[in-house]
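Worksheet for the structure shown next.
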Amino acid sequence: MLDILMQYGLFLAEAITIVIAIGIVISMIVGATHKERSIEKLEIRNINSKYETMAEVLRRETFSKKALKQWEKSEKEKKKKKAKQQANTAGDTQKRVFILNFDGDIKASAGAALREEITTVLSLATPKDEIVVRLESGGGLVHEHGFAASQLMRIRQREIPLTVTVDKVAASGGYMMACVANHIIAAPFAIIGSIGVLAQLPNFHRLLDRHGIDFEQIKAGDFKRTVTFFGKNTEKDREKLKEEIEETHELFKAFIVENRADVDIAKVSTGEHWYGTRALELKLIDELMTSDDYLLSASEKADLYEVSYTAKKSVSERIAAAMQASLERLVLSFRNELFYR
C-alpha cells in the first residue's frame, strides 16, 4: 500500500511540474505577443460555382470532343437565356441559400462565430431566402448551447426559413439547437436526441481525510455551492443539485415542445439517443438526407453562398485552444465509446 502511495505521489509531482512548466511557457508567449491584435475575417463563397467547376472538370475528362463541344454550345445558350430573364426581372433576384457551419465542442465555442455570421446574413436575407446550418454537436454546457440556440432563434423571428442538417451528431445541447429549425434533415446513421441533463464529478474527501488533509470552504448562502470535489457532500447538497438538474431538464423539454409541437416529449426526453431512421419515426427530424444531397439539389433552383467568420488568434490563444481541443476530443471519444457504440 505504501509503495502504491509513493508511486502515486511521484506521478502527481511529475504531473504538477508539467502543468507548471506549460503555464510558464504560455505566460512567456502571452508576454511576447500581448500586442498582437485579433484579425477578423468574413468569407463568402459561391457554392454554385464550386459545383459547376467540379462538374466541368469531370466532363472534360470523360466526354468525347464532339459531346464536349455540344455541351459548351448548350451552356452558352443557357447563360444567355438566364441573363435575359434577369434583365426582364430587374430587382427580383433568385432565391438565395446562405450556408453556415457549426462544429460544436463542449463549450459550443463556435457560437461566437455563428453570432457574427447570422448578424451578417440577417442584414441582407429576406423571407424568400433560406438559411442552412450544417450542425455537428454532441452537446456540453447548457448555457453555451442555449446561447447558440438563441442565435438561431433570431432567424426564425425574422421569418426566414431555417434548415438544419445533421450528418453525424446533434445530441443534447446539439439537439437543443437543431430543434429551432423549420426543417431538420439528418443522415440515416446520424446520432439524434439525448434529451437529458447530466452532472457528475469525483469526490476526494475520504482520500484527503485519510491523509489528514483539511479542505476549507467558506460560503454565504446555503446553496452557493452544493456538491464539491474535495468537501464532504451531504444529502442536502445532493438533493439541491438533483433539483437543479430536474429544473434544467424541464426547461429543455419545454423548449423542444415550443419548437416541435408534434414530438411526444415524454417518450423522447429519457436521455436516450437514436439514429436518424428511428429519429424520423419519433418526429425528432423531418427528413433523411445528407447535407451534400440537400445542397446539391438546392443549387439547381437557388444561388448558394457559404458564409464563414473567423478571428485570427494570437500564438498563445492558439496553443491554449489546441490544448483544450485535445482534451475535449479525449473526453468526447471516451464518452462516445461508452454511450454511442
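Some values worked out for this structure:
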read-out: Condition check for Val132: in contact with a helix residue (DSSP H, G or I) (Cβ under 9 Å, 6 or more places away or on another chain), assigned to a strand (DSSP E or B) and of a type in the set (Val, Ile, Thr); value: yes
read-out: Index of the failed condition, Gln151 passing every other in (1) modelled with pLDDT under 95; (2) more than 15 Å from Ala298 (Cβ to Cβ); value: (1)
read-out: Residue tally, condition assigned to a helix (DSSP H, G or I) and more than 18 Å from the chain's Cα centre (by Cα), over region 110-124; value: 3
read-out: Residue in region 40-47 that is touching a strand residue (DSSP E or B) at 6+ places or on another chain (Cβ under 9 Å), assigned to a helix (DSSP H, G or I) and modelled with pLDDT of 80 or more present; value: yes
read-out: Which numbered condition Asp286 misses (of (1) closer than 20 Å to Leu201 by Cα; (2) buried (at least 17 other Cβ atoms within 10 Å of the Cβ); (3) not aliphatic (A, V, I, L, M)); value: (1)
read-out: Failed item, numbered, when Thr248 is tested on (1) farther than 20 Å from Ile131 by Cβ; (2) touching a strand residue (DSSP E or B) at 6+ places or on another chain (Cβ under 9 Å); (3) of a type in the set (S, T, N, Q); value: (2)
read-out: Any pair with Cβ under 8 angstrom, 6 or more apart, that starts in region 243-254 at a residue that is among the aliphatic types (A, V, I, L, M) and ends at one that is exposed (fewer than 14 other Cβ atoms within 10 Å of the Cβ); value: Ile245/Leu198; Ile245/Ala199
read-out: Number of the exception - Phe189 against (1) more than 25 Å from Ile245 (Cβ to Cβ); (2) assigned to a helix (DSSP H, G or I); value: (2)
read-out: Flag for Leu100 being in a strand (DSSP E or B) and either under 16 Å from Leu162 (Cβ atoms) or at pLDDT below 90 (or both); value: yes
read-out: Residue check for Thr310: within 20 Å of Phe189 (Cα to Cα), polar (S, T, N, Q) and either part of a loop (DSSP other than H, G, I, E, B) or in contact with a strand residue (DSSP E or B) (Cβ under 9 Å, 6 or more places away or on another chain) (or both); value: no
read-out: Check on Asp237, of a type in the set (D, E, K, R), surrounded by 15 or more Cβ atoms within 10 Å (Cβ to Cβ) and modelled with pLDDT under 85; value: yes
read-out: From the options Thr17, Thr89, Thr33, Thr93, residue that is among the hydroxyl-bearing types (Ser, Thr, Tyr), touching a helix residue (DSSP H, G or I) at 6+ places or on another chain (Cβ under 7 Å) and modelled with pLDDT under 80; value: Thr33
read-out: Check on Lys168, among the basic types (Lys, Arg), at pLDDT 95 or above and either in contact with an Asp or Glu (Cβ under 9 Å, 6 or more places away or on another chain) or buried (at least 18 other Cβ atoms within 10 Å of the Cβ) (or both); value: yes
read-out: Selection count, region 163-177, where residues are touching a Gly at 6+ places or on another chain (Cβ under 9 Å) and either acidic (Asp, Glu) or assigned to a strand (DSSP E or B) (or both); value: 4
read-out: The one condition in (1) under 14 Å from the mean Cα position of the chain (by Cα); (2) part of a loop (DSSP other than H, G, I, E, B); (3) at pLDDT 95 or above that Ile160 fails to fulfil; value: (1)
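The values are calculated or read from the model by the stated rules, or taken from the named source; none is laboratory data. Since this is a predicted model, take the numbers as computed values, not measurements. Here Cβ is always computed from backbone atoms with ideal geometry, including for glycine, and neighbour counts include all displayed protein chains.
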